[in-house]
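Report on the structure given below.
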Amino acid sequence: MLIDTHVHLNADQYEEDVEEVIQRALDKNVKKMIVVGFDTKTIERAMELVEQYPFLYAVIGWHPVDAIDCTKEDLQWIESLAAHPKVVGIGETGLDYHWDKSPKEVQQRLFREQIQLAKRVELPIIIHNRDATADVVKILEEEEAHVTGGIMHCFSGSVETAKQCIDMNFLISLGGPVTFKNAKMPKKVATEIDLDYLLVETDAPYLTPHPFRGKRNEPHYVTLVAEQIAELKNIPYDEVAKRTTENALKLFKIDA
């Protein structure tokens, strides 16, 4: 069995066929999926989905790209929803310096606020990082994010950064890019980081693994991510599936 630890089944891309997408995942032995909501619309849809399907769970938070749109009331709403038994994490939050919609200082403030929120509700934090590694690590350290720990989602950094994050009680999640021929960093991380600290994800509908790159991603493609890690580590696929599933169940406090 596999767990897709980060999927956006609440995205508009699945509006017409979400049931079929979920069934394809189940058919491939992807038995649990973590649906991530990152603004009002996607959080509402995530909550609808987890009410509907027993094997879906929600992570809720506010995306750094849209930090400028987040109000105090939004954060209070997220904190109130965090009491729901199927909400298992806060995020995705973090920093994104690639897009310039939200100023850096606004992103940083909201990132800190969501770490503090996660500590209050005692849930792990799911971190989005794009072109902002030094600041992400600095804020995680300053806010003592190790208290809750969490996930470095779709990790694309170096082995050294991965080890820094692991030391702060974070797991390293690999997605579709680990299958890309030119993705040296994720492949190196997959090879060198112990399975005890790895998770698998799709970030679907984005970042579709090879050989389907360019098409809509789906949670059943998480099997391709696990296969690539097994190949890079020269270990059986079943071992990758078993260990990454155990890591996810433990982090999210979900019963097998």
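For the reader, a short list of remarks on this structure follows.
- Subset tally (residues that are among the β-branched types (Val, Ile, Thr), surrounded by fewer than 18 Cβ atoms within 10 Å (Cβ to Cβ) and either out of contact with any Phe, Trp or Tyr (no Cβ under 9 Å at 6 or more places or on another chain) or within 14 Å of Ser102 (Cα to Cα) (or both)) for the range 35-70: 1
- Within the range 214-241, tally of residues that are over 18 Å from the mean Cα position of the chain (by Cα) and of a type in the set (Val, Ile, Thr): 1
- Qualifying residue in the range 200-209 (condition: out of contact with any helix residue (DSSP H, G or I) (no Cβ under 6 Å at 6 or more places or on another chain), in contact (Cβ under 8 Å) with a residue 12 or more places away in the chain and either more than 27 Å from Val18 (Cβ to Cβ) or of a type in the set (Asp, Glu) (or both)): yes
- Filtered residues of the range 180-216 (kept if within 15 Å of Glu227 (Cβ to Cβ), loosely packed, with under 15 Cβ neighbours inside 10 Å and among the polar types (S, T, N, Q)): Thr191
- Within the option set Glu73, Glu92, being modelled with pLDDT of 95 or more, surrounded by fewer than 19 Cβ atoms within 10 Å (Cβ to Cβ) and not hydroxyl-bearing (Ser, Thr, Tyr) holds for one residue only, Glu73.
- Any pair with Cβ under 9 angstrom, 6 or more apart, that starts in the range 234-248 at a residue that is more than 17 Å from Glu201 (Cβ to Cβ) and ends at one that is in a helix (DSSP H, G or I) and aliphatic (A, V, I, L, M): Ile235/Leu195; Ile235/Ile229; Pro236/Ala230; Asp238/Ala230; Glu239/Leu195; Glu239/Ala230
- Condition met for Asp238 (of a type outside the set (A, V, I, L, M) and either touching a Cys at 6+ places or on another chain (Cβ under 8 Å) or at pLDDT below 95 (or both)): no
- Of the numbered criteria (1) exposed (fewer than 14 other Cβ atoms within 10 Å of the Cβ); (2) out of contact with any helix residue (DSSP H, G or I) (no Cβ under 7 Å at 6 or more places or on another chain), the one Leu123 fails is (1).
- Leading residue by the ranking (farthest from the chain's Cα centre (by Cα)) among those in the range 9-58 that are among the hydrophobic types (A, V, I, L, M, F, W, C) and assigned to a loop (DSSP other than H, G, I, E, B): Phe55
- Residue in the range 84-97 that is hydrophobic (A, V, I, L, M, F, W, C) and over 22 Å from Thr148 (Cα atoms) present: no
The values are calculated or read from the model by the stated rules, or taken from the named source; none is laboratory data. All figures in this text were calculated on a predicted structure; none of them were measured in a lab. Here the Cβ is made from the backbone with ideal geometry for all residues, glycine too, and neighbour counts use every protein chain on show.
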